[in-house]
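Following this message is one structure expressed as structure tokens.
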Amino acid sequence: MDTTQNPVPSSQAPRTSAIAAPRTPRRRIGRRRLSPTLIAGLVLVGIVAITALLSFVWTPYDPVQANPADRLQGPSLAHLFGTDKYGRDLFSGMLVGARITLFVGLISVGIALLVGTPLGIIAGIRGGWIEEVIMRTSDIALAFPALLLAIMFGAVFGPSTVSAMIAIGISTIPGFARVARSGTLQVMSTEYVLAARAASQSRFRIAVRHVLPNIIGIVVVQCSVAFALAVLAEAALSFLGLGTPPPTPSWGRMLQESQQFLGTHPSLAIFPGVAIAIAVMGFNLLGDGLRDRFDPKLNGGRS
Amino acid sequence: MRRKTPLILTAALAAATALVLAGCSAGSGGSTGAADTAERTSATIALTAAPVNLDFTTTAGAAIPQALMSNVYEGLVEINQEGEIVPLLAKEWSLSDDRKTYTFTLNEGVTFSNGEPFTAADVKFSFDRVKTDWTTTLKGKMDVVESVEVLSDTEVAVHLTQPSNAWLFNIATPIGAIFSPSGVDDLANAPVGTGPYEVASWTPNESLVLDTRDDYWGDAPGVEQVTLKYLADATATTNALRTGDVDAIVNLQAPELVSTFEEDPAFEVVSGTSSGEISLSLNNRIAPFDDVRVRQAVLHALDRQAIIDTAWNGYGSLTATYVTPLEPYYVDLNDAYEYNPEKAKELLKEAGAENLDITFKVPTRPYAQAVSEIVVSQLAAVGINATIESSEFPAVWLEDVFTNHNYQMTTVLAVEARDLLTVFNNPDYYIGYDNSKIAPIAAEADAADEAGYIEGMQQVQKQIVDDAASGVLFLFPNIVITTAGLEGVPENAIVEALNLTDLSWK
Amino acid sequence: MAIRLLVNLVRFAATFLVATVVVFLFMRLIPGDPAQVALGVNASPELLEQMRAQFGTDRPLAVQYLDWVGGLLRGDFGVSYVTRQDISPLVIDRLQVSLILVLTAMAVALLVAIPLGTIAAVRHRNFSGIAIGAVSQLGVAIPGFLAGILLVIVFSIQLGWFPAGGWTPPNQDFGEFLRRLFLPVLALASVQGAILTRYVRSAVLEIMSEDYLRTARAKGLSKTGALLKHGMRNAAIPVITVTGVQIAALIIGAVVIERVFVIPGLGSMLLDAVGNRDLLTVQSLVMVLVAITLLMNLLIDVIYTIVDPRMRKSS
């Protein structure tokens, strides 16, 4: 469930992920006003990012240092979000936890982006048996959801942030490959690319000059959606004990540790729960907003 | 379609209400009424670790004997709740003057669950079989037996190669379980013993159902059917108790969840003792813990009561080494290393080990995760920077730490009863303690009379503590929560067995 | 159409075979000797050898692989050397539980998502459309286990309406089965419903901008009428895809909900088997999960061919 909240479109990606047929060589960005969705997404993601950056320079307390005398305190001026069972300041932990959340997202999406996009473009440009091999391999990868991979990786390499990031990253590759391939196929059938091919430009040149600029939008959308997925996946893995090990603060593990206190100290669960929801919503809204922007068709039927 | 709007509002409201309600204290739980409990003939008990199969002769782990010993299998003797050795299949026994021959007189009219009568020949069969067919390391405890001699149907003599005080205790543990030659074909699925229960059904990782036998030789248990339910998640376990899906929880692994039950008259909470110590094991063979001063510094750096209070919500008690107050040779050495960060820093300075960086391998178990964070924090206060590395338990921890000794510091719940010598009197054990000083004392103690045994074992403990061989953070509590009306759930977990024979509904 | 189906079948078989090799080799990487785990601490080297021989883990890899795949194809996963029981019946038991849970949840989710998503699209500039959009955003963003835990606290601990967990097989006591199924299905369906609502909404939005729909409206049909008459078939395609992908992923993904509600499904069986280093069981479970995903993809493709008129022509 959690790792599947943003499903990877299957082999029929062109129809599910809304891709504008690139009619002009490069879409002009920034002409239209920002949509409310995009603004909301930017604000929520901005909050998470600023929180993470802030944690590098300032936290009210050491987020790892236990202080048994102050354990399990409710929110107060001294401890904005209260303290956990070790007497650690929850607010400080949440600040640092934002880092881990973004880190897991960046690395796992980075893996998928850097591996999946080139593969998709190659498959789209070359076609033939190369395309067949790439897309069938992608099919196999698709058969291993993030959670299954994480359980297997956790068993082989031990539960760690790195195992979790790699598992999430690998399971996200097929999504990028498919989006990039279908985008590439559309670009390749446009007249200007046909012209470029007639002028015997090299495939690499075509990829860089024509394909990349035109699919960058949908790839960015994919990144945003995959990012939201990664945040949820990290939380689910932490719940199963396969995520970030202690004492590094992680929102997912905080939520898991708070489970025993739900009846007595619900704030321990509410803050990390809300934080996760903010991050996931932020990236989803950002993705939606960007998609509307790159694809006028979805924007209420007016283009 | 406009009328759909209220629906969405309702949904949003419901979600908000759910959050608010969830936030309120969960104290007002609706449990099953305690009115008709006296008529109940079955009970369901929640346990944490599930047996992988039912054969403890070839499969390690405490979960199998926990379910089967005292219930399905019986030994010649057993350990009662006070930690004493008492008769079971043997009516009485005597020890020869050279302390090398035990002669047991057996109860008559005992049968196995497959109908076979129990005789002295079965004792010989079972004890001999330990050496030939058992594969777990427990089998070593039978090495001291030279031969088993059947004197008559109800009399059996066991000859030891040398006097041993520990042996009689050991045969009260799984190693002394009595099997029938006709009942060992499928131990993993169909155990056959002389106990009051037999296995009615068994679903791996889910549940084990025990039914009472009509032809049991002793007093019939107070309930006819006991279901042992294996629930890995502590919160789910307490939820199950609250909603009446289980009647008792034995050895709850989440002390934070206890408080709401303590206030509720529908439940009874008991915090008994167990044979388990939460260790802080230091690898004596490698730097920096090959230096006794560094080990002593670690012990001075730990505020163990604070660890109990924060990690385990105040449940648990102090002990200095792997001996619990219910063992006959217990001696209180808790003051040997008082909490003193300054002294710890001095010792570290003396040893030239200031600003130490170490790795701390933490098994993936609730108790270990709970203690690790506070231990790391306390060590940091004296300049020891411990980095936590998660180690999947049991598989990875066993291979990495236990077998390959690839660790500096680790923690583990050592559940085996009377395990002092297992841990320390073996330099190849994963702690790597140099046992040259304690080995002769321990050997002498085992062969001595009772008083000599106790005195010798106390000397062993003192030596181990002097050498700061390893830390014990605390003695693990046996937290038992029962629905009011269910009686006879054992409070203490002194040996592996969870004895279900005294269960009854009031 | 037949050719397309055949190609898909061949692809399915090839992918499955490659997956068996990948899974088999991957399993050999897992640290922790099964014999060691079975024997526990301090096992002697001779005993370990004896145990490995008994488990068959001392045979050449190729032999072990062929033995295993042969069994897979016959539907016989062998006998677990850890639990010493036949693996197949246990897997089938657990698979039934997972399928009941996941399919019920997806059915509920679809029942909620199709109308809500359509409304959200048709009225995307009105309050109701925006509200549905917002609620579905929130539903997608809440970690599923948190939803599950909250449901337990409210409906079983506070109100006492439903059991907090556990599983009763339907043939044993159907009423109890439904009572125990309710909360986990609600937890799964609320999240999945939110996901599907989003997909239905964007699928309907997309077809609403298609030319044929505008033509239909120009001819005097109402928005809804035009949609129902011409649009639904096309909107169904992406929704079918997502539903299929989600079902496949949920069979394992539901493990989190299984943990919260103590449900004996495939996911928790996998976690337990990994913990016990029951490699043969792990291997078999992973292949079952992979096979379900591949089958689902195949099924989606077949449904496509039937639903999409363009697809029928092009093949």
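The values are calculated or read from the model by the stated rules, or taken from the named source; none is laboratory data. These figures come from a predicted structure and were not determined experimentally. Counting neighbours? That spans all protein chains shown, and the Cβs are built from the backbone with ideal geometry, glycine included.
Give me a count of the residues in segment B:367-396 that are over 21 Å from B:Ile286 (Cα atoms), away from chain C (no Cβ under 14 Å), out of contact with any strand residue (DSSP E or B) (no Cβ under 6 Å at 6 or more places or on another chain) and not charged (D, E, K, R).
The number of residues fulfilling the criteria is 6.
Let me ask something additional. Going through segment B:221-239 one residue at a time, which ones are touching a strand residue (DSSP E or B) at 6+ places or on another chain (Cβ under 6 Å) and either of a type in the set (A, V, I, L, M, F, W, C) or assigned to a strand (DSSP E or B) (or both)?
Applying the first criterion (touching a strand residue (DSSP E or B) at 6+ places or on another chain (Cβ under 6 Å)) to segment B:221-239 yields B:221-231, B:237.
Passing the criteria: B:Val223, B:Gln225, B:Val226, B:Thr227, B:Leu228, B:Lys229, B:Tyr230, B:Leu231.
Looking at B:Tyr337, B:Tyr322, B:Tyr330 in this structure, which one is in contact with a strand residue (DSSP E or B) (Cβ under 8 Å, 6 or more places away or on another chain), away from chain A (no Cβ under 14 Å) and under 30 Å from B:Ile454 (Cβ atoms)?
Numbers: B:Tyr337 fails: in contact with a strand residue (DSSP E or B) (Cβ under 8 Å, 6 or more places away or on another chain); B:Tyr330 fails: in contact with a strand residue (DSSP E or B) (Cβ under 8 Å, 6 or more places away or on another chain).
From the options B:Tyr337, B:Tyr322, B:Tyr330, the qualifying one is B:Tyr322.
The rows are residues; the columns are (1) within 9 Å of another protein chain (Cβ to nearest Cβ); (2) modelled with pLDDT under 75; (3) under 30 Å from B:Asn53 (Cα atoms); (4) assigned to a helix (DSSP H, G or I).
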| site | (1), (2), (3), (4) |
| --- | --- |
| C:Thr224 | yes, yes, no, yes |
| C:Leu227 | no, yes, no, yes |
| C:Ala236 | no, no, no, yes |
| C:Glu258 | no, no, yes, yes |
| C:Leu271 | yes, no, yes, yes |
| C:Leu289 | yes, no, yes, yes |
| C:Tyr304 | yes, no, no, yes |
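Go through segment B:50-72 and count every residue that is farther than 16 Å from C:Tyr81 by Cβ and over 18 Å from the mean Cα position of the chain (by Cα).
1
Do we have A:Ser138 as among the small types (Gly, Ala, Ser) and under 30 Å from A:Thr248 (Cα atoms) here? Give the steps one after another, and end with the answer.
Numbers: among the small types (Gly, Ala, Ser): yes; under 30 Å from A:Thr248 (Cα atoms): no.
Answer is no for this residue.
Could you please let me know if C:Ile153 is β-branched (Val, Ile, Thr) and in contact (Cβ under 8 Å) with a residue 24 or more places away in the chain? Can you show your working first?
Details: β-branched (Val, Ile, Thr): yes; in contact (Cβ under 8 Å) with a residue 24 or more places away in the chain: no.
It is false that C:Ile153 is β-branched (Val, Ile, Thr) and in contact (Cβ under 8 Å) with a residue 24 or more places away in the chain.
Tell me which residues, restricted to segment B:353-396, are touching a helix residue (DSSP H, G or I) at 6+ places or on another chain (Cβ under 6 Å), assigned to a helix (DSSP H, G or I) and farther than 21 Å from A:Asp89 by Cβ.
B:Ala395
Let me ask something else about it. Checking A:Leu232 against (1) crowded, with 24+ Cβ neighbours inside 10 Å; (2) in contact with a Gly (Cβ under 7 Å, 6 or more places away or on another chain); (3) facing another protein chain (nearest Cβ under 8 Å), which test does it fail?
Unmet for A:Leu232, out of (1) crowded, with 24+ Cβ neighbours inside 10 Å; (2) in contact with a Gly (Cβ under 7 Å, 6 or more places away or on another chain); (3) facing another protein chain (nearest Cβ under 8 Å): (2).
Scan segment C:20-34 residue by residue and report those that are within 13 Å of chain B (Cβ to nearest Cβ) and either in contact with a strand residue (DSSP E or B) (Cβ under 6 Å, 6 or more places away or on another chain) or not hydrophobic (A, V, I, L, M, F, W, C) (or both).
Within segment C:20-34, C:Pro31, C:Gly32, C:Asp33, C:Pro34 qualify.
How about segment B:103-137: which of its residues are among the hydroxyl-bearing types (Ser, Thr, Tyr) and under 28 Å from the mean Cα position of the chain (by Cα)?
First pass over segment B:103-137, keeping only residues among the hydroxyl-bearing types (Ser, Thr, Tyr): B:103, B:105, B:111, B:113, B:119, B:126, B:132, B:135-137.
Hits for segment B:103-137 are B:Ser113, B:Ser126, B:Thr132, B:Thr135, B:Thr136, B:Thr137.
Here is a list: A:Leu290, A:Leu286, A:Leu268, A:Leu242. Which entry is within 14 Å of chain B (Cβ to nearest Cβ) and either within 16 Å of the chain's Cα centre (by Cα) or not in a helix (DSSP H, G or I) (or both)?
Just a single option satisfies the conditions, and that option is A:Leu242.
Taking B:Gly314 as the residue in question, decide whether it is assigned to a strand (DSSP E or B) and at pLDDT below 95.
Working: assigned to a strand (DSSP E or B): no; at pLDDT below 95: yes.
Answer is no for this residue.
A further question on this structure: Can you tell me which of B:Glu146, B:Glu155 is touching a His at 6+ places or on another chain (Cβ under 8 Å) and either among the acidic types (Asp, Glu) or buried (at least 20 other Cβ atoms within 10 Å of the Cβ) (or both)? Walk me through how you get there before you give the answer.
Numbers: B:Glu155 fails: touching a His at 6+ places or on another chain (Cβ under 8 Å).
After applying the criteria, what remains is B:Glu146.
Residues are listed down the side, and each one gets a yes or a no for (1) over 25 Å from B:Ala448 (Cα atoms); (2) without any contact (Cβ under 8 Å) to a residue 40 or more places away in the chain:
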{"position": "B:Lys131", "(1), (2)": "yes, yes"}
{"position": "B:Gly176", "(1), (2)": "no, no"}
{"position": "B:Ser180", "(1), (2)": "yes, no"}
{"position": "B:Asn205", "(1), (2)": "yes, no"}
{"position": "B:Asp211", "(1), (2)": "yes, yes"}
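If you don't mind, there's one more thing I want to ask. Is it fair to say A:Thr137 is hydroxyl-bearing (Ser, Thr, Tyr) and without any contact (Cβ under 8 Å) to a residue 24 or more places away in the chain? Break it down stepwise before answering.
Numbers: hydroxyl-bearing (Ser, Thr, Tyr): yes; without any contact (Cβ under 8 Å) to a residue 24 or more places away in the chain: yes.
Yes, satisfied.
Consider C:Arg125 carefully, then state whether it is within 30 Å of A:Leu38 (Cα to Cα), within 11 Å of another protein chain (Cβ to nearest Cβ) and among the charged types (D, E, K, R).
Working: within 30 Å of A:Leu38 (Cα to Cα): yes; within 11 Å of another protein chain (Cβ to nearest Cβ): yes; among the charged types (D, E, K, R): yes.
For C:Arg125, the condition - within 30 Å of A:Leu38 (Cα to Cα), within 11 Å of another protein chain (Cβ to nearest Cβ) and among the charged types (D, E, K, R) - is met.
For (1) closer than 16 Å to A:Ile276 by Cα; (2) modelled with pLDDT of 85 or more; (3) more than 14 Å from chain B (Cβ to nearest Cβ); (4) not in a helix (DSSP H, G or I), each residue gets a yes or a no:
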{"residue": "A:Ser163", "(1), (2), (3), (4)": "no, yes, no, no"}
{"residue": "A:Thr172", "(1), (2), (3), (4)": "no, yes, yes, no"}
{"residue": "A:Ala177", "(1), (2), (3), (4)": "no, yes, yes, no"}
{"residue": "A:Arg197", "(1), (2), (3), (4)": "no, no, yes, no"}
{"residue": "A:Val208", "(1), (2), (3), (4)": "no, no, yes, no"}
{"residue": "A:Ile218", "(1), (2), (3), (4)": "no, yes, yes, no"}
{"residue": "A:Val221", "(1), (2), (3), (4)": "no, yes, yes, no"}
{"residue": "A:Thr248", "(1), (2), (3), (4)": "no, no, no, yes"}
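Would you be able to say whether some residue in segment B:267-286 is among the hydrophobic types (A, V, I, L, M, F, W, C), in contact with a strand residue (DSSP E or B) (Cβ under 8 Å, 6 or more places away or on another chain) and in a loop (DSSP other than H, G, I, E, B)?
No, segment B:267-286 contains no residue that is among the hydrophobic types (A, V, I, L, M, F, W, C), in contact with a strand residue (DSSP E or B) (Cβ under 8 Å, 6 or more places away or on another chain) and in a loop (DSSP other than H, G, I, E, B).
Take the residues in segment B:163-208 that are surrounded by fewer than 18 Cβ atoms within 10 Å (Cβ to Cβ) and aliphatic (A, V, I, L, M), then tell me which one is nearest to C:Arg277 (Cα to Cα).
Residue satisfying both the conditions and the ranking: B:Ala190.
Still on this structure, I have one more. Quick check on segment A:206-229. Is at least one of its residues among the aromatic types (Phe, Trp, Tyr) and over 30 Å from C:Met269 (Cα atoms)?
Of all residues in segment A:206-229, those among the aromatic types (Phe, Trp, Tyr) come to A:227.
Okay, now just the ones that are also over 30 Å from C:Met269 (Cα atoms), so none.
No, segment A:206-229 has no match at all.
Looking at segment B:397-423, which of its residues are aliphatic (A, V, I, L, M), more than 11 Å from every other protein chain (Cβ to nearest Cβ) and not in a loop (DSSP other than H, G, I, E, B)?
Residues of segment B:397-423 that are aliphatic (A, V, I, L, M), as a first pass: B:398, B:401, B:409, B:412-415, B:417, B:420-421, B:423.
Checking the rest, the ones that are also more than 11 Å from every other protein chain (Cβ to nearest Cβ) come to B:409, B:413, B:415, B:417, B:420-421.
Residues satisfying the conditions are B:Met409, B:Leu413, B:Leu420, B:Leu421.
Here's something else I'd like to know. Is it true that some residue in segment B:452-461 is over 30 Å from B:Pro163 (Cα atoms) and surrounded by 21 or more Cβ atoms within 10 Å (Cβ to Cβ)? Full working, then the answer.
As a first pass, look at segment B:452-461 and keep what is over 30 Å from B:Pro163 (Cα atoms): none.
Looking for residues that are over 30 Å from B:Pro163 (Cα atoms) and surrounded by 21 or more Cβ atoms within 10 Å (Cβ to Cβ), one finds none in segment B:452-461, hence no.
If you don't mind, there's one more thing I want to ask. Can you tell me which residue within segment A:123-161, out of those that are within 9 Å of another protein chain (Cβ to nearest Cβ) and of a type in the set (Gly, Ala, Ser), is nearest to the chain's Cα centre (by Cα)?
A:Ala146
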